[in-house]
Amino acid sequence: MNDDIDLSALADDDLVVQMHQDLYDGLKEEIEQATRILLARGWTPYDVLTKALVEGMRIVGVDFRDGILFVPEVLMAANAMKAGMAILRPLLVETGAPKVGKMVIGTVKGDIHDIGKNLVCMMMEGAGFEVIDLGINTSVERYLDALEAHRPEILGMSALLTTTMPYMKVVIEAMKAKGIRHQHIVLVGGAPVNERFAEEIGADAYCRDASVAVETARRLITQGAARTA
Ligand code: B1M
């Protein structure tokens, strides 16, 4: 607990910088408090999410890469981030938007990163999609079972590791082998994924972030890319 700083006394810009620092330090309660303060000051949930939380996690990622932070510290940062996201979730999700489609999504096998996927879930739900979240470490069998059980227009896959992103292709190939590839729009995302990779593995689109996932899902559904009949 950081007893020295009165978060509510900070101006917005300083508070956001402090949140980046508190996320870095894995201070869950401070992140919860600051998230509530920004909302009470009229910030939109989306701005709190992107400017304070996602940007803070980006900074953590840089120092993780450079060997300044290690797994235990990054786990604490992730927990603090999730605490902030938990406050924002109902605000992002309950828009009363009419249901526009269904998505099954999971982080691929071998990969336990779920913050980005969870953000995608929230934004998709907020945009009126029904989301079936398979969680992390999702095997091809679980994806296929969920596609059969829920018959979604969209399959979303997330991968954060260069070693796990090829698994997306395994899933797409299994869909082809089962003769169901044409029934679903396949969207892929995650830090190491890009447009070219998505094309190479036969996905319908790469989504840079959660907002792009929403836009892309809407656009491709409107274009009738999923032939779920
Ligand atoms: Co990990 N990790 N990690 N990690 N971790 C990365 C990914 C890494 C880039 C860090 C680094 O070196 N800079 C690196 C990967 C390097 C590589 O593959 N080339 C790495 C590594 C190496 C590892 C371990 C191997 C470390 C170790 O054990 N030695 C290990 C692997 C564990 C495993 O999965 N098997 C590991 C573990 C962990 C923690 C458990 C400590 C923790 C995860 C906690 C959790 O998720 N519950 C963690 C974290 C937090 C990170 C970083 C720092 C942050 C990831 C994150 O949450 N970003 C990350 C660094 C980085 O990415 N720069 C890193 C915030 C999030 C909002 O962004 O996930 O990109 P992101 O999601 C975005 C978009 O990508 C997109 O939309 C999201 C929202 O806008 N998107 C989608 C994501 N999925 C989508 C799906 C879609 C659409 C869009 O479908 C439609």
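Every read-out reported here was derived from the displayed coordinates using simple, explicitly stated rules and does not represent laboratory data. Quick caveat: nothing in here was measured; it's all calculated off a predicted structure. For neighbour counting, all protein chains shown are included, and Cβ atoms are generated from backbone atoms with ideal geometry for every residue, glycine included.
Please sort by residue number the trypsin sites (Lys or Arg not before Pro) in region 36-80 whose DSSP state is loop and whose Cβ has at most 12 other Cβ atoms within 10 Å.
Here the sparse-neighbourhood loop sites are R41.
Rounded if a/c is under 1.5, else prolate if a/b beats b/c, else oblate: with a ≥ b ≥ c from the C-alpha gyration tensor eigenvalues square-rooted, which is region 106-167?
Cα axes put region 106-167 in the oblate bin.
Rounded to whole Å, give me the distance from the Cα center of region 1-68 to that of region 173-229.
So the two Cα centres are separated by 33 Å.
Stokes-Einstein at 20 °C, 1.002 mPa s, Kirkwood radius from Cα pairs: D for region 12-95 in µm² s⁻¹?
171 µm²/s
Assign unit charges at the C-beta atoms only (+1 for Lys and Arg, -1 for Asp and Glu), then state the dipole size of region 102-226 relative to its Cα centre in Debye, rounded to the nearest 20.
For this selection, approximately 200 debye.
Which aspartates and glutamates have a Cα less than 18 Å from the Cα of K176, not counting those fewer than 8 places away in the same chain?
Leaving aside aspartates and glutamates fewer than 8 places away in the same chain, those within reach of K176 are E141, D145, E148, E153, E199, E200, D204.
What ranking of I105, I201 emerges when the number of other C-beta atoms within 10 Å of each C-beta is taken as an exposure proxy, fewest first?
So the residues, fewest neighbours to most, are I201, I105.
Compute the angle between helix 55-65 and the longest alpha-carbon principal axis of the chain, please, reported from 0 to 90 degrees and rounded to the nearest 10.
Approximately 80 degrees, to the nearest ten.
Among V170, V104, which comes first, second and so on when ranked by fewest other beta-carbon atoms within 10 Å?
V170, V104
With a ≥ b ≥ c taken as the square roots of the eigenvalues of the C-alpha gyration tensor of region 41-149, please select rounded if a/c is under 1.5 and otherwise prolate if a/b is larger than b/c or oblate if it is not?
oblate
Classify region 102-226 as rounded, prolate or oblate from the Cα gyration tensor: take a ≥ b ≥ c as the square roots of its eigenvalues, call it rounded if a/c is under 1.5, otherwise prolate when a/b beats b/c and oblate if not.
Note, shape of region 102-226 comes out rounded.
In region 150-229, which trypsin sites (Lys or Arg not before Pro) fall in coil by DSSP and have 15 or fewer other Cβ atoms within 10 Å?
K178, R208, R227
In region 1-94, what GluC sites (Glu not before Pro) fall in a loop by DSSP, with at most 16 other Cβ atoms inside 10 Å?
Sparse-neighbourhood loop GluC sites (Glu not before Pro): E94.
Any idea what angle helix 210-222 forms with the longest principal axis of the chain, computed on alpha-carbon atoms, 0 to 90 degrees, nearest 10?
The helix 210-222 is inclined about 30 degrees to the chain.
Under 13 Å from the Cβ of D209, count the other residues' Cβ atoms, weight Lys and Arg +1, Asp and Glu -1, and hand me the total.
Residues close to D209 contribute a combined charge of +1.
For the chain, modelled as a GNM with alpha-carbon contacts under 10 angstrom, which of L144, L38, L69 fluctuates the most?
L69
What's the angle, to the nearest 10 degrees (0 to 90), between helix 12-24's Cα axis and the longest principal axis of the chain?
On a 0 to 90 degree scale, this one is about 70.
Translational D (Stokes-Einstein, µm²/s) of the chain at 37 °C and 0.692 mPa s when Rh comes from the Kirkwood sum over C-alpha pairs?
Estimated diffusion coefficient is 179 µm²/s.
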